[in-house]
Amino acid sequence: MKIILLGAPGRRKGTLAKKITADFGVPQISTGDLFRAIVKDSTPLAEKVKAIMESGGLVPDEVTVEIVKERIAKDDCKNGFILDGFPRTIAQAKELEKISQIDTVILVDVPNETIIERLSARRTCPNCGEIYSALDYKETTCKKCSATLIQRDDDKPETIKNRLEVYENNTAPLINFYGDMVFKVSSAGSPEETYRPVKTFLENLEVK
Ligand SMILES: [Zn+2]
């Protein structure tokens, strides 16, 4: 079962991926993790990526696809995988088609207002790093160390709006590209409520 997971920041994709992995035995592959891992490698591909990164360049699509290709050839992917963070563009999606046939695309969706509300309620302890949600934690100081909680710049509504816009511009066209393959699920409810329709859908999915 070969799955692509799509969804903007704050959609709780990680939680959903863990549940799919547990039930269907397919690993979650995040390109962020792949890049972090490859710089520790000494394969020809790793050397190539390191050279590009050290020169400050962007890793081209063909190279990213090569990294993904190596990863999905590994044993733990024999039953499939969940791609998270890839493809990001139509060009990457077209490259991916050359190396693998995807079964489905799961789009984790929730209204932007909900995301902004959720993320902008986040309060961080500058001392111990503990994270709170102002929606259910009404104190202004940390439970553990009593420091005054702050709102990080990343969690301010303006920044969140910008991040969402970047996402819409880059990734939303992929939803059109995959068309009928896209299964849309709302993550407005609890993680269990989000997962239930996905599980039913995957159990009935005909795998190529
Ligand atoms: Zn604290």
Residues of segment 150-208 being surrounded by 14 or more Cβ atoms within 10 Å (Cβ to Cβ), among the polar types (S, T, N, Q), assigned to a helix (DSSP H, G or I) and in contact (Cβ under 8 Å) with a residue 40 or more places away in the chain, in sequence order, are T171, T194
Just the residues that are assigned to a helix (DSSP H, G or I), closer than 16 Å to I38 by Cβ and in contact (Cβ under 8 Å) with a residue 40 or more places away in the chain, please, taken from segment 52-86.
R71, I72
I want to confirm something. Restricting to segment 104-135 and keeping residues that are in a loop (DSSP other than H, G, I, E, B) and touching a residue at least 40 places away in the same chain (Cβ under 8 Å), which single residue is farthest from the ligand (Cβ to nearest atom)?
P111
Determine whether C142 is at pLDDT 90 or above, hydrophobic (A, V, I, L, M, F, W, C), out of contact with any Asp or Glu (no Cβ under 9 Å at 6 or more places or on another chain) and over 27 Å from S187 (Cβ atoms).
no
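The values are calculated or read from the model by the stated rules, or taken from the named source; none is laboratory data. All of these numbers come straight from a predicted model, not from anything done at the bench. FYI the Cβ positions are ideal-geometry reconstructions off the backbone, even for glycines, and counts take in every protein chain you see.
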